[in-house]
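These notes are about the structure you will find just below.
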Amino acid sequence: MRKKEKIPVHSMDDWFSGIYIKPFGTETLPGHTYEISKPHRHDFYYCVLSAKGEMELEVDFEKVVLTDQTLFLSYPGQIHQINSARTEKGWFLAFDPAIIDEQLKNILDQCLSQVILVTLSSEQISVFSSFIKHLYAVYTNQEQLFRQTITQSIVTALVYQLASAYLSAEQLNLVKNSARSIEITKTFKQMLRRNFKSMKRPSAFAAKMNISVSHLNDTVRSVTGFPVTYYIQQEIMREAKRLLCYSALTVKEIAHILGFEDSQYFNRLFSKLMGISPGEFRKKSETSYHL
């Protein structure tokens, strides 16, 4: 019998055109109420545009702070909660991955950060605010012809703008690296996000990319400061912690879901990397979150 999960997984099945949008300070629209201050995960992208104010979130056990003129995007599957919010002006936007094109999905998957957080200039905040206000006007106008097509097109354009702002900031930190090195690192990160349960060895990624293991490892280390194995282990541990904290699955079941045939090996690896056993981590998290 399938065990009930503790953490709610919020789906957007009943949202118009795979999109949900609202400005700060408004009441949640009918039919879309849930407690965002408790840990939860989505099957969609979740974006916050903070024009003025401050918000503190926790995303996959890491604190993220939004201040004036910041833009935040989380990925489907990430666990997060809002710890505090003193927001005066801004927007929430959620959208289904199915409504954006494959090129844009690839761009988002190749971002080097686990969350996208960008500080915007006054000109950029004006552009984003204009986009999202127009989106909201169409989204709430049920008499609008071609409403679904227009809303989905505006969201796609908005997310391309977001990706452009993030990548411009990211490139400033990568100026010392060659374009080829950055391309290899981003390709690896994209493959890892999508295949970490089935691909656990650097050699598997190197083979898919038609390069040597040493070249892949040296390249990723030169661009990010960490080797390939580090990122593989971090991705596995991130999902392991999610499941330990917010599901009733046994440690053995979690090991199986993560692609480990030997649950004892998973136990040893988790204990080595986290400094605590999976069982102890679960007990500690239950005390911390009172779930």
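The values are calculated or read from the model by the stated rules, or taken from the named source; none is laboratory data. As the structure is a prediction and not an experimental result, all values here were calculated from the model. Cβ sites come from the backbone with ideal geometry, for glycine too, and all protein chains shown count toward neighbours.
The table below lists the values:
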item	result
Subset of the range 223-248 [surrounded by fewer than 17 Cβ atoms within 10 Å (Cβ to Cβ) and not in a helix (DSSP H, G or I)]	225, 226, 227, 248
Any hit, the range 181-197, residues being outside the structural domain of residue 209 (by TED's automatic domain parsing) and among the basic types (Lys, Arg)	no
Some residue of the range 125-140 being over 18 Å from residue 23 (Cα atoms) and either surrounded by fewer than 17 Cβ atoms within 10 Å (Cβ to Cβ) or within 20 Å of the chain's Cα centre (by Cα) (or both)	no
Strands (runs of 3 or more DSSP E) wholly inside the range 32-116 that include at least 1 residues being outside the structural domain of residue 192 (by TED's automatic domain parsing), crowded, with 19+ Cβ neighbours inside 10 Å and free of Cβ contacts under 8 Å to residues at least 40 places away in the same chain	45-59
Whichever residue in the range 182-204 is over 21 Å from residue 255 (Cα atoms) and not basic (Lys, Arg) and, among such residues, is farthest from the chain's Cα centre (by Cα)	203
Residue within the range 200-212 that is among the β-branched types (Val, Ile, Thr), at negative phi, assigned to a helix (DSSP H, G or I) and surrounded by 15 or more Cβ atoms within 10 Å (Cβ to Cβ) present	no
From the options 253, 239, 261, 280, residue that is outside the structural domain of residue 115 (by TED's automatic domain parsing) and at pLDDT 95 or above	253
Residue within the range 138-148 that is on the phi > 0 side of the Ramachandran plot and of a type outside the set (Ser, Thr, Tyr) present	yes
Lone qualifier among 198, 153, 178 - being of a type in the set (Gly, Ala, Ser) and in contact (Cβ under 8 Å) with a residue 24 or more places away in the chain	198
Residues located in the range 128-163, provided they are under 23 Å from residue 65 (Cβ atoms) and out of contact with any helix residue (DSSP H, G or I) (no Cβ under 7 Å at 6 or more places or on another chain)	129, 162
